[in-house]
1. Kindly report, to the nearest 10 Å², the accessible surface of S88 as traced by a 1.4 Å probe over protein heavy atoms only.
2. What accessible area per residue comes out for segment 16-139, rounded to a whole number of Å², with a 1.4 Å probe?
3. Out of segment 85-161, which trypsin sites (Lys or Arg not before Pro) are coil in DSSP terms and have no more than 15 other C-beta atoms within 10 Å?
4. Counting only protein heavy atoms and using a 1.4 Å probe, what share of the accessible area of segment 74-161 belongs to carbon plus sulfur, as a whole percent?
5. Shape verdict for segment 52-161, please, from the Cα gyration tensor: rounded (a/c under 1.5), prolate (a/b greater than b/c) or oblate.
6. For segment 44-50, what does the Karplus curve 6.51 cos²θ - 1.76 cosθ + 1.60, with θ = phi - 60°, yield as ³J(HN,Hα) per residue in whole Hz, taken in order and with x for Gly and Pro?
7. Using a 1.4 Å probe and counting only protein heavy atoms, arrange T138, T93, T55, T116 so the residue with the most accessible area comes first.
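The values are calculated or read from the model by the stated rules, or taken from the named source; none is laboratory data. Small disclaimer: the values here were computed from a predicted structure and weren't measured. A quick note on method: Cβ atoms are made from the backbone with ideal geometry, for glycine too, and the neighbour counts reach across all protein chains shown. The area values use the complete protein model at the heavy-atom level, side chains included, leaving out ligands, DNA and RNA. Shrake-Rupley method; radii C 1.70, N 1.55, O 1.52, S 1.80 Å.
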Amino acid sequence: MTTLTPQKPAIPQPGGDVTPAPEPRPARDPAWRELVDAVREAGQYPTWSEAESVTRVVLSALGGHVVGDERVDLARALPEEAARVVASQIPATRSLTAAEFVDSVAARIEGATPATARWDVSSVLSVLPPLVGDELVTRILGQLPPGYALLFGRAELTPAA
């Protein structure tokens, strides 16, 4: 697990005591709030802000790799704020393996390692199937290279030779 938020500014108190600034209030959009709450629970993030930041980073990375009808359908199925994050991404010029995708997320998160980035990616992607539907997730996985199913919390079955 990684800390994604900058240190909170201190608020001086009478008598010279200093207390940390309060955590920002969650977004007003209830569907976005529910998505971030699900990510916070799945990833066991200590703050809502950290879960929100991870959600934004992972969805923006995913948005560059899902194209065509699947991208449109994903954006339609997500809360409005999440849809904006996905839809605002320029499509990637080449497909990334699942490991490269995780590494690309690690590069976007200060202090992240491949292990913590994998945790972050799985924390976000594993909450999507109940939200967007298994059929859409199956279509998205059909567009991505092998290895992504585990990130979505699915077993990746390969046909026997």
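1. Surface open to solvent at S88 totals about 80 Å².
2. Ligands and nucleic acids excluded, the result is 51 Å² per residue.
3. Answer by residue number: R94.
4. 59
5. The shape class here is rounded.
6. Result, rounded to whole Hz: 6, 6, x, 10, 5, 4, 5.
7. If we order T138, T93, T55, T116 from most to least accessible, we get T93, T138, T116, T55.
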